[in-house]
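Q: My structure is below; once you've seen it, I'll send some questions.
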Amino acid sequence: MSNSQLTPGVVPGRLPAEAIAKNFGDHEPPLDAHEARVAADRCYFCHDAPCMTACPTSIDIPLFIRQIATGTPEAAARTILSQNILGGMCARVCPTETLCEEVCVREVAEGKPVEIGRLQRFATDTLMAKGVHPFARGAATGRKIAVVGAGPAGLAAAHRLAMKGHYVVVYDARPKAGGLNEYGIAQYKSTNDFAQAEVEWLLQIGGITVKTGVALGKGVTLAELQKDYDAVFLGMGLAGVNALRAPGEDLAGVRPAVDFIAVLRQAKDKSVLPIGRDVVVIGGGMTAVDAAVQSKLLGAQNVTIVYRRGQEKMSASGYEQEHATSAGVRIITNASPVAVHQAGAAMEVEFAYTVDGPEGMKPTGETFRLRADQVFKAIGQTLSGAPEGLALSGGKIAVTGAGRTSVPGVWAGGDCAAGGEDLTVTAVAEGRDAAEDIHAALMAGQ
């Protein structure tokens with residue numbers, strides 16, 4: 001007997017295979033050439049463009065849109081990639097609605113911004129489809145740099161260092177390079193194995209070797225890297241997951257949302273993935289939304305996001321929240337997990353209603369329970385395995401300037417470093433800027 005959305009427990013095949021394949025297709029199809037020209041024509045090409053200021057990588061947005069409007073998308077791509085070498089992925093996953101598009105003059109005046117993200121995707125996809133890599137490796141300097149972590153920060157740093165003529169070795173704990181781009185975002189945001197295609201395209205510059213299955217403390221130490229290389233960049237992200245601090249969180253059906261997303265991302269056939277009839281996701285960020293929406297796309301009947309504070313404090317953007325609710329996800333706010341109870345073959349998650357006042361968040365004394373076959377924790381990640389001797393700030397690696405750590409010759413950027421927002425685009429900017437600082441330091445003989 002085949003399964004359905006009503007089947008109890010955690011089972012695969014709640015929807016027909018063809019329905020699941022469609023669900024995980026590109027949720028925002030790319031613009032064609034005509035659509036891109038029309039979209040580009042809406043840009044005012046502002047001289048003092050607020051969208052540029054809002055972009056963490058400072059892409060010259062009016063310039064690249066003008067290049068699209070004049071029929072030269074390859075030139076537009078170069079403009080984008082010179083600032084953000086992972087511009088293709090960022091066009092897919094960047095929360096443009098809270099960055100460049102939010103401050104677009106068209107958005108402020110009319111409530112409908114220029115579609116900057118989709119135009120960026122059009123330009124970068126056009127160039128990558130031709131197999132063109134617009135940058136060349138600089139003359140060899142004889143210097144070697146180690147990069148720990150093949151995520152957005154590490155890849156951006158490695159590429160910029162290669163452009164300067166340095167030789168780079170990138171170490172990553174996972175079987176594939178890409179970091180969160182490969183393992184941590186919703187499948188429908190990046191289809192057709194784009195993350196790997198982008199990595200392969202990036203490596204075309206040459207001078208970069210990637211070694212997978214190697215992590216700090218497991219295969220290599222920071223001391224060894226310092227001895228063997230002229231500089232070290234740490235961009236290993238956040239591998240730990242915050243605890244619920246609630247009894248029952250060790251039950252078999254409770255797992256980190258990032259693990260669920262990673263498994264889903266790597267599965268060739270999504271229809272064989274088991275999903276619960278009732279799913280509860282605890283958290284209020286992009287990871288919570290990605291886990292919840294994809295649970296619905298796999299056929300879960302009831303999916304609920306529960307966040308401890310008010311909806312206005314959720315780190316997931318309003319656009320992402322609306323996307324979740326339009327997919328059938330229920331969002332409950334001002335409720336904090338108290339305990340996870342076994343309830344026969346399933347579970348019940350007990351929550352306490354909260355009030356967020358001047359003295360902080362406090363329980364009201366009222367509680368409720370949600371039935372769950374699966375519970376996904378999306379309450380933030382933590383740095384694990386930080387090398388001894390590195391100063392930390394707020395549980396992350398402390399940095400000054402363009403990623404300089406407390407240890408000479410060691411830089412850090414991306415999610416593992418204290419400072420900017422945990423966004424792909426921010427990680428790219430930090431990796432790029434650290435690479436420039438590393439180059440300057442090495443050339444100055446520091």
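The values are calculated or read from the model by the stated rules, or taken from the named source; none is laboratory data. Please read all numbers here as calculations on a predicted model, not as lab measurements. Because the Cβ atoms are built from the backbone with ideal geometry, glycine has one as well, and the counts that use them run over all protein chains shown. Remember, those area values only see protein heavy atoms, side chains included, never the ligands or the DNA or RNA. Shrake-Rupley method; radii C 1.70, N 1.55, O 1.52, S 1.80 Å.
Q: Binning at 5 angstrom from zero up to the longest distance, how are the C-alpha pair distances of the range 213-255 distributed in percent?
A: 5, 15, 19, 15, 9, 11, 11, 8, 6, 1
Q: Need one number: the % of Cα-Cα pairs in the range 260-347 sitting beyond the 18 Å mark. Don't skip to the end; give the middle numbers.
A: Details: 1728 of 3828 pairs.
It works out to 45 percent of all Cα pairs.
Q: How many Lys pairs in the range 116-263 lie less than 19 angstrom apart by Cα atoms, where the lysines are 8 or more positions apart or on different chains?
A: Details: Lys144/Lys164; Lys144/Lys211; Lys144/Lys227; Lys176/Lys189; Lys176/Lys211; Lys176/Lys218; Lys211/Lys227; Lys218/Lys227.
Within the range 116-263, the lysine pair count is 8.
Q: What share of the DSSP beta bridges in the range 168-290 is antiparallel, in percent to the nearest 5? Present the calculation step by step, with values, prior to reporting the outcome.
A: On the way: 1 of 8 bridges.
If we restrict to bridges inside the range 168-290, about 10 percent are antiparallel.
Q: Show log10 I(q)/I(0) for the range 383-442 at q = 0.19, 0.29 Å⁻¹, two decimals, from a solvent-free Debye sum over equal Cα scatterers.
A: Computed log10 I(q)/I(0) values: -0.63, -1.26.
Q: Can you compute 3J(HN,Hα) from phi for each residue in the range 277-283, using the Karplus curve 6.51 cos²θ - 1.76 cosθ + 1.60 with θ = phi - 60°, rounded to whole Hz and x for Gly and Pro?
A: Running phi through 6.51 cos²θ - 1.76 cosθ + 1.60 with θ = phi - 60° gives 6, 10, 10, 10, 10, 9, x Hz.
Q: Then there's this: Output the 0 to 90 degree angle, nearest 10, between the alpha-carbon long axis of helix 116-129 and the longest principal axis computed from the alpha carbons of the chain.
A: Tilt relative to the chain: about 60 degrees.
Q: What is the angle, in °, between the Cα long axis of helix 424-443 and the longest principal axis of the Cα atoms in the chain? Nearest 10 is fine, range 0 to 90.
A: Between the helix axis and the principal axis of the chain, the angle is about 30 degrees.
Q: Let me check I have the definition right: for the range 333-376, take the eigenvalues of the Cα gyration tensor, multiply each by 5, take square roots. What are those semi-axes in whole Å, largest first? If you can, show how the numbers build up before the last one.
A: On the way: eigenvalues 122, 16, 8 Å².
Listed largest to smallest, the semi-axes of the range 333-376 are 25, 9, 7 Å.
Q: If you count the DSSP beta bridges with both ends in the range 345-446, what percent of them are antiparallel, to the nearest 5?
A: DSSP beta bridges in the range 345-446 are roughly 95 percent antiparallel.
Q: What ranking do 8-15, 122-129, 422-429 get when scored by the average of other Cβ atoms within 10 Å per residue, highest first?
A: Listed from highest to lowest mean packing, they are 422-429, 122-129, 8-15.
Q: Cα axis of helix 286-297 to longest principal axis of the chain: angle in degrees, 0 to 90, nearest 10?
A: Approximately 60 degrees, to the nearest 10.
Q: In angstroms, what radius of gyration and Dmax does the chain have, counting Cα atoms only?
A: Over the chain's Cα set, Rg and Dmax evaluate to 22.6, 71 Å.
Q: Can you give the convex hull volume of the alpha carbon atoms of the range 334-411 per residue, in Å³?
A: 163
Q: Can you pull a Stokes-Einstein diffusion coefficient for the range 1-124 at 25 °C (0.890 mPa s), Rh from Kirkwood over Cα pairs, as a whole number of µm²/s?
A: For these conditions, the coefficient is 153 µm²/s.
Q: Using only helices, what value at 222 nm comes out for the chain when you add -39,500 (n - 2.57) per DSSP H run of length 4 or more and divide by the total residues, to the nearest 500 deg cm²/dmol?
A: Computed ellipticity for the chain at 222 nm equals -9500 deg cm²/dmol.
Q: Could you work out the relative contact order of the range 1-118? I mean the mean sequence separation of Cα pairs under 8 Å and 6+ apart, divided by the number of residues, in percent.
A: 22
Q: With a 1.4 Å probe and every protein chain left in place, work out the accessible area per residue of the chain in Å², rounded to a whole number. Show your work: numbers first, answer last.
A: On the way: 19010 Å² over 446 residues.
I get 43 Å² per residue for the chain.
Q: What is the distance in Å between the Cα centres of the range 325-358 and the range 1-77?
A: Here the two parts' Cα centres lie 32 Å apart.
Q: Suppose we look only past 16 Å in the calculated P(r) of the range 134-177. What percent of the Cα-Cα pairs does that tail hold? Mind dumping the intermediate values first?
A: Values: 331 of 946 pairs.
In whole percent, the long-distance tail amounts to 35.
Q: Compute, for the range 60-126, the length of the dipole vector about the Cα centre, with Cβ point charges of +1 (Lys, Arg) and -1 (Asp, Glu) only. Units Debye, rounded to 20.
A: Its charge dipole is roughly 180 debye.
Q: To check my understanding: the extent here is largest minus smallest coordinate of the Cα atoms along each principal axis. What are those three numbers for the range 182-289, in Å, largest first?
A: 52, 36, 24
Q: Here's a follow-up. At a 1.4 Å probe, what is the % contribution of carbon and sulfur to the accessible area of the chain? Present the calculation step by step, with values, prior to reporting the outcome.
A: On the way: 9770 of 19010 Å².
Accessible surface attributable to carbon and sulfur in the chain totals 51 percent.
Q: Using a Cα-Cα cut-off of under 16 Å, which aspartates and glutamates could be cross-linked to Lys377, ignoring same-chain neighbours fewer than 8 residues away?
A: Counting by Cα, and skipping residues close in sequence, Lys377 has these aspartates and glutamates nearby: Glu249, Asp250, Asp259, Asp278, Asp290, Glu348, Glu350.
Q: From the C-alpha coordinates alone, can you work out the Kirkwood hydrodynamic radius of the range 106-231, in Å?
A: 16.3
Q: Could I ask something else about it? What is the ratio of the Cα radius of gyration of the range 54-178 to 2.2 N^0.38 Å, where N is its residue count, to two decimals?
A: In units of the 2.2 N^0.38 Å rule of thumb, it is 1.18.
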